[in-house]
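Reviewing the structure listed below.
Each reported figure results from applying straightforward, stated rules to the coordinates on display, with no laboratory input. From a predicted model like this one, the values you see are computed outputs, not experimental measurements. A quick note on method: Cβ atoms are made from the backbone with ideal geometry, for glycine too, and the neighbour counts reach across all protein chains shown.
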Amino acid sequence: MARIAENAGASAVSLTNTFLAMSIDPETRKPRLSNVTGGLSGPAIKPIALRMVYETAKAIDIPVIGMGGIVTPEDAVEFMLAGATAIQVGTASYADPRAAERLARGMQSWCRSHRVEKVSSLTGALELPSS
């Protein structure tokens, strides 16, 4: 899909967001949600989102905006290392309306302590193990 978006003229893609999920109460044998299924987001989807950002960034030439479970500055750095050019914060903002500000300051501090001069240098800088 990302290649299709790129070929159609998109200037960037963003991924990923909520995944369709469900929960069942074994005592009542009924779905816990009235709609049966609902969205799963936040830290629970981070490993899936990281993989998707990594694979997509390798497959296309336009920027990838990473999202999905970013709560800490280290989470944001992980997305950048996986190939994200930028990140988006969603679920974390429910618990902390200033999450984006906190993450920006935290990334700035992380970069300083790791001698990273430009946050953009993190994009796609994942070091893979040698085989």
Seen from all sides and averaged, what is the projected area of the convex hull of the Cα atoms in the chain, in nm²? 11.3 nm²
With label points set 7 Å from each Cα along the Cα-to-Cβ direction at I24 and R115, the distance between them in nm comes to 5.5 nm
Residue by residue through the range 114-122, the couplings from Karplus 6.51 cos²θ - 1.76 cosθ + 1.60 with θ = phi - 60°, in Hz, x for Gly and Pro, are 10, 6, 9, 6, 10, 4, 4, 6, 6
With θ set to phi - 60° and the Karplus curve 6.51 cos²θ - 1.76 cosθ + 1.60, what are the ³J(HN,Hα) couplings of the range 103-109 in order, to the nearest whole Hz, using x for Gly and Pro? 5, 4, 5, x, 5, 4, 5
Tell me the net charge near A59. Cut-off is 10 Å between Cβ atoms, A59 excluded, with +1 for each Lys or Arg and -1 for each Asp or Glu. -1
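At a 10 angstrom cut-off on C-beta neighbours, averaged per residue, how do the peptides 105-111, 63-69, 50-56, 117-123 rank from highest to lowest?
63-69, 50-56, 105-111, 117-123
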Explain nothing, just compute: Karplus ³J(HN,Hα) = 6.51 cos²θ - 1.76 cosθ + 1.60, θ = phi - 60°, for every residue of the range 60-70 in order, whole Hz, x for Gly and Pro. 10, 10, 9, x, 10, 9, x, 7, x, x, 7
